[in-house]
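The values are calculated or read from the model by the stated rules, or taken from the named source; none is laboratory data. Remember, it's a predicted structure, so these values are computed and weren't measured experimentally. Virtual Cβ from ideal backbone geometry, glycine too; neighbours counted across all protein chains shown. We work out accessible area using only protein heavy atoms, side chains counted, and drop any ligands, DNA or RNA first. Shrake-Rupley method; radii C 1.70, N 1.55, O 1.52, S 1.80 Å.
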Amino acid sequence: MNSIEAARIDFRPVTEDDYPLLESWLNAPHWREWWGEPETELGYIRDMVEGRDTTRPFLFLLDNEPAGYIQVWTIADHLKEPWLSEAPWMSRVPAESVGVDIGIGEAAKLSRGLGSAVVRLFAERLGAEGHETILIDPDATNLRAIRAYEKAGFRKQIVSRESSGDSETLIMKFARSGVQDESRGQND
């Protein structure tokens, strides 16, 4: 599964019927390592589905079967507290930027090229919708994710020390084919 064909991947909005599946994924060890408390995260997703949050949540499908979760959010909608204190890097990127978050459903599908293929296709679709700056913000120690995002066409932009302690976040920008990367290796 090292090279996943885009034709095998699709996206559909999350619905209330997906909550049990998402809850099972959020409780898996490979999710708990990088995502927040499962009940809290599922609450955020409910807020999105029910229109209380502007983030757009999707399941991504592989061969028409749910294989993971992906969401897109707008920086401008988060340029307020508590977001700015928790993620100060947001004030250093264009407000019209969008951020992407992704999680592979089952651990058995990790390190097989699925994440790279999905995030690249999703970013390309966001670009086709008119979004010029597409970002992803992995923890700087999440090397598996960073490699996947680089493979998908994201390039390092900023390393930001988060307010929550010793963690650092790596901000990566999607570099469309043929577009010059503007990475400057900035640090907070």
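Some notes on this structure:
- For region 81-115, filtering for residues that are closer than 17 Å to Trp34 by Cα and crowded, with 19+ Cβ neighbours inside 10 Å leaves 8.
- Tyr69 vs. criteria at pLDDT 95 or above and either in a helix (DSSP H, G or I) or open to solvent by 70 Å² or more (accessible area, probe 1.4 Å) (or both): no
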